[in-house]
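The values are calculated or read from the model by the stated rules, or taken from the named source; none is laboratory data. All values derive from a computational prediction rather than experimental measurement. Cβ placement follows ideal geometry from the backbone for every residue including glycine, while neighbour counts extend to all protein chains displayed. Note: accessible area is taken over every heavy atom of the protein model, side chains too, but ligands, DNA and RNA are not part of it. Shrake-Rupley method; radii C 1.70, N 1.55, O 1.52, S 1.80 Å.
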Amino acid sequence: EQIEMVASHTGKEKCVYFGVVMSTVFYALAIVGAGGPIGYAAAGISIALGPLIIWQRKKLTDIEASQGTTEFLKKQANEFTAQNERLKNAVKDLGNTADALA
């Protein structure tokens, strides 16, 4: 079993990128078309939030990848613990067999 690799750009990230780009385009068009101080302020704030939204989505993807890695490592540790117990029992049985032969 291998760790599942996360793509460099997940589907969720691509959707966020698309949404931010489209939002930026529409707000830029609103600035040009509507104008006015409130329009400028709203559009400017919305455009400025785009990079923050993309950064947060990337961080969430990194967290999801870390959680997946942690779960994989927990499963591996449990498998190794069970294997270790089986090996201990096998060594004990072999020791008993050796003592009986002696």
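Return one number: the angle in degrees, 0 to 90 and rounded to the nearest 10, between the long axis of the Cα atoms of helix 11-33 and the longest principal axis of the Cα atoms of the chain.
Roughly 10 degrees between the two axes.
In Å and whole numbers, how far do the C-alpha atoms of the stretch 61-102 stretch along each principal axis, longest first?
Largest first, the stretch 61-102 extends 61, 8, 5 Å along its Cα principal axes.
Determine the shape class of the stretch 23-71: with a ≥ b ≥ c the square roots of the Cα gyration tensor eigenvalues, call it rounded for a/c under 1.5, and otherwise prolate if a/b is greater than b/c, oblate otherwise.
Judged from the Cα gyration tensor, the stretch 23-71 comes out prolate (a/c at least 1.5, a/b above b/c).
Please state the charge dipole magnitude for the chain, taken about the Cα centre, from unit charges on C-beta atoms (+1 on K and R, -1 on D and E), reported in debye and rounded to the nearest 20.
Charge dipole, the chain, about its Cα centre: 360 debye, nearest 20.
Run the helix sum for the chain: -39,500 (n - 2.57) per DSSP H stretch of 4+ residues, divided by residue count, reported at 222 nm to the nearest 500 deg cm²/dmol.
When only DSSP H runs of four or more count, the value is -32000 deg cm²/dmol.
Within the stretch 41-83, which trypsin sites (Lys or Arg not before Pro) sit in a loop by DSSP and count at most 16 neighbouring Cβ atoms inside 10 Å?
none
Where in the stretch 43-61 does the amide nitrogen come within less than 11 Å of the point 7 Å from the Cα of Lys12, taken along Cα to Cβ?
Only 57-61 pass the distance filter.
Averaged per residue, what accessible area in Å² does the stretch 42-83 show with a 1.4 Å probe, protein chains only?
71
Could you tell me the relative contact order of the stretch 1-86? Use alpha-carbon pairs under 8 Å, at least six residues apart, and round to a whole percent.
With pairs under 8 Å counted, the relative contact order is 39 percent.
So what's the angle, to the nearest 10 degrees on a 0 to 90 scale, between helix 37-101 and the longest Cα principal axis of the chain?
So the helix axis and the longest Cα principal axis differ by about 0 degrees.
Would you work out which of Asn84, Ala48, Leu94 lies farthest towards the positive end of the dipole of the chain, given +1 charges on the beta-carbon of Lys and Arg and -1 on that of Asp and Glu, about the Cα centre?
Farthest towards the positive end: Ala48.
Please work out the Cα center distance from the stretch 29-59 to the stretch 61-84, rounded to the nearest Å.
The distance from the Cα centre of the stretch 29-59 to that of the stretch 61-84 comes to 41 Å.
Based on the alpha-carbon gyration tensor of the chain and its eigenvalue square roots a ≥ b ≥ c, which shape applies: rounded if a/c is under 1.5, prolate if not and a/b is larger than b/c, or oblate?
Verdict is prolate for the chain.
Report in % the part of the accessible area of the chain that belongs to carbon and sulfur, leaving out ligands and nucleic acids; probe 1.4 Å.
Carbon-and-sulfur percentage of accessible area, whole number: 66.
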